[in-house]
Every structure is written in structure tokens, then in C-alpha cells.
Amino acid sequence: MSKIITVTANTAVDWLIEANGLGYQDNLQATKSCEYACGKGINVAKAVESLGYPVTCLGFAGRQSIGLFEALNSALLHADLIAVEGKTRTNITLTDQAAGRETHIRTSGYRVTPDDCAKLIEKVERSVNAGDIVIFSGSLPPGAPNDFYRMLIATCRRKAAITLLDSSGQGLAEGAKAEPYLIKPNMQELEELTGRALTNDREVLETARALLGQGIAKICISLGNKGVIAVDEDSAFAACLRHCPEPIMTQIGCGDALVAGLAIGTHRGLRWEDCIKWAIACATANLYSPEPGRLDKDKVPEISTQIETFPR
């Protein structure tokens, strides 16, 4: 039976702090403080697990903080990360609920070596079989070559696995050259990938179809709270939720939950339009979860019925 595998080269620890009066007071008492093992692929894996599917996490974690990731292991989620020297980067989110403000602070983390990268390529090759769905998510860590995702995706394609890529910068640009099955850029990432501003639907669709011509089978362009534009060889359409109910807990990890939905929809063999609806429903369900990726699977079927599609 095929497996779902996530690969996170640049894992992170998300530290979420809530305190009222940010920017106005020198000394504050936090009303809430939570620390989570994250990184885009880890968030994807948590969403896959939340939806009731087994998932394996590959990638790197700093030796000093790998225990936080090993604590994710459960009956459905298996974290099999390579420990590298240094500390996993920390993403700090400061939330002032009273003012409706969020401040994000990112710190630097570990640096990988050529030997570390070779070990991950070997681990992926050993772990992946024909028909598996392998998701490459997030940025590349310092020390990794620009074409690292390209090498990893090529390894998976040789094993006849189905690859999904959600990255940016050189990770996306080089990874796309390996012809992954699906990519999920946002509009800014798509513009960076093509090197030009995309000012209307026609230009977006032309760009997407050009990428299809380079060997990518499906493209899901994330538009944030405006939904997505989905393109494959046979169709092009926009999809969005009719109404997003309140209250929202956090927007962190919604894109990763979207990728989890795309992976599971692909795993289940859903039609492309149904796969997109399922993915948007997963992303929406993540809005109501305090921890990125830990969504309530019972919300997803109902949300999916509230999604509309429009031909493009």
C-alpha cells in the first residue's frame, strides 16, 4: 500500500506567545505561551495524522532540539529525522489579542553539510517505493545546495513515487526542474519563479500552462483567504470558501494543511476539483486549531460543501 511521506529540510520550533499591550508597555505578562515542533513539512504531517492517515516525516533537526520532534511519534506519525549539529531555528509569534496584532520574529538555525545532505538523499531512496506520495515543503537550510530538492525529487521519480513541492526561491525554481507531479506556489512565489509580475488571470493562466508544458502535471496557486487557482492539462478554475466563520485561532499552517489535503486527495484518487475542495476545507479547518496542523477532521467534510468553483 502506498505511503505518505513528508520531507522537511529546514524544520523549525514555533513559539507562540500571547500578551496584551505589545509596543506600548516595557514589561508584560504573557497570557499564553506554547512551543511546537514545526516546519512546513512537519505541519503537513500533523495535518495528515489529524485526518486519520499514517505519515512518515523525513528531514533534518538540530541535535539540541531533536527530542521535541521525536515526541511527535504516535500510532500514525513516525518522525525519522536526521540529527545535525546546531539548534533548530525558532519562529516566535507575538500576539496582542486586544489590539488584533501579530509580530513574527525568526531566528537562524543549523547549517547542514554535504555529508548531511547525502544522508538524507540515501534515507529518501531507502524509504520511498512506487506509488508513494512524497511532499517536499519549506525553505532550504543554510549549507544545502540550491538544487537539493531537484536531486531529492529526481530520486523519488526514479522510484516511481508521486512528488509534491511547496517551496520558494531556489528551492522552488530548481525543484520544479525535476518535474514534480504538483507544485503549490502563492502568487509572489509564482512571480519569482517566472521572473515577471502577473497582473491578471490571463497572465497567471499562461504562466501555469507554460509550467505544465515543462512536465509538471498540476498547479495549485494559493491566494490566501481568496482561495486558489487550480490548473492541470484539462481544466483551469478558481475555488474559494463562500464564508469563513469566526472566531479564528491562527492562520499559521493553513498553507501546510492545504498541502496535506492535496496529498490525501491524490492518495484517495479524487477528481482534481474534488481534491481542491478537500484541500481548501483542510486549510480552513486549520484556522480553528491552536496548533498548526492539528485540525479537527470532523469539520472538513462540512466545510468542503461550502466551497465554490469558477471556470478560468
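The values are calculated or read from the model by the stated rules, or taken from the named source; none is laboratory data. In this text the structure is predicted, and so the values were computed from the model without any measurement. Here Cβ is always computed from backbone atoms with ideal geometry, including for glycine, and neighbour counts include all displayed protein chains.
Kindly establish whether Ala197 is surrounded by 19 or more Cβ atoms within 10 Å (Cβ to Cβ) and more than 28 Å from Ala61 (Cβ to Cβ).
Judged against the criteria, Ala197 is not a match.
Sort through Gln188, Gln214 and tell me the only one that's of a type in the set (S, T, N, Q) and either within 25 Å of Gln306 (Cβ to Cβ) or in a loop (DSSP other than H, G, I, E, B) (or both).
Of the residues listed, the single one that is of a type in the set (S, T, N, Q) and either within 25 Å of Gln306 (Cβ to Cβ) or in a loop (DSSP other than H, G, I, E, B) (or both) is Gln214.
Is it true that Gln306 is within 28 Å of Gly100 (Cβ to Cβ), of a type outside the set (A, V, I, L, M, F, W, C) and in contact with a His (Cβ under 9 Å, 6 or more places away or on another chain)?
Answer is yes for this residue.
Here is a check on your reading of the model: is Ile229 assigned to a loop (DSSP other than H, G, I, E, B), touching a Phe, Trp or Tyr at 6+ places or on another chain (Cβ under 8 Å), within 29 Å of Asp132 (Cβ to Cβ) and modelled with pLDDT of 95 or more?
It is false that Ile229 is assigned to a loop (DSSP other than H, G, I, E, B), touching a Phe, Trp or Tyr at 6+ places or on another chain (Cβ under 8 Å), within 29 Å of Asp132 (Cβ to Cβ) and modelled with pLDDT of 95 or more.
Search the range 38-93 for residues being acidic (Asp, Glu) and in contact (Cβ under 8 Å) with a residue 24 or more places away in the chain, and hand back the single one that is surrounded by the most Cβ atoms within 10 Å (Cβ to Cβ).
Restricting to residues being acidic (Asp, Glu) and in contact (Cβ under 8 Å) with a residue 24 or more places away in the chain, the top hit is Glu49.
Give the range 94-133 a look and list any residue that's small (Gly, Ala, Ser), surrounded by fewer than 18 Cβ atoms within 10 Å (Cβ to Cβ) and more than 17 Å from Phe148 (Cα to Cα), or say none.
Across the range 94-133, the qualifying residues are Ala98, Ala99, Gly100, Ser108, Ala130, Gly131.
Out of Arg202, Arg196, I need the residue that is at pLDDT below 95, more than 21 Å from the chain's Cα centre (by Cα), assigned to a loop (DSSP other than H, G, I, E, B) and among the basic types (Lys, Arg). Which one?
Being at pLDDT below 95, more than 21 Å from the chain's Cα centre (by Cα), assigned to a loop (DSSP other than H, G, I, E, B) and among the basic types (Lys, Arg) holds for just one of Arg202, Arg196, which is Arg196.
Each row is one residue, and each column tells you yes or no for (1) free of Cβ contacts under 8 Å to residues at least 60 places away in the same chain; (2) among the aromatic types (Phe, Trp, Tyr); (3) in contact with a helix residue (DSSP H, G or I) (Cβ under 6 Å, 6 or more places away or on another chain).
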| position | (1), (2), (3) |
| --- | --- |
| Arg268 | yes, no, no |
| Asp274 | yes, no, no |
| Ala279 | yes, no, yes |
| Tyr288 | yes, yes, no |
| Gly293 | no, no, yes |
| Lys299 | yes, no, yes |
| Ile303 | no, no, yes |
| Gln306 | no, no, no |
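Pick out, from the range 67-108, the strands (runs of 3 or more DSSP E) lying fully within it that include 2 or more residues that are farther than 23 Å from Ser127 by Cβ and touching a strand residue (DSSP E or B) at 6+ places or on another chain (Cβ under 8 Å).
The strands (runs of 3 or more DSSP E) meeting that bar are 89-96, 101-106.
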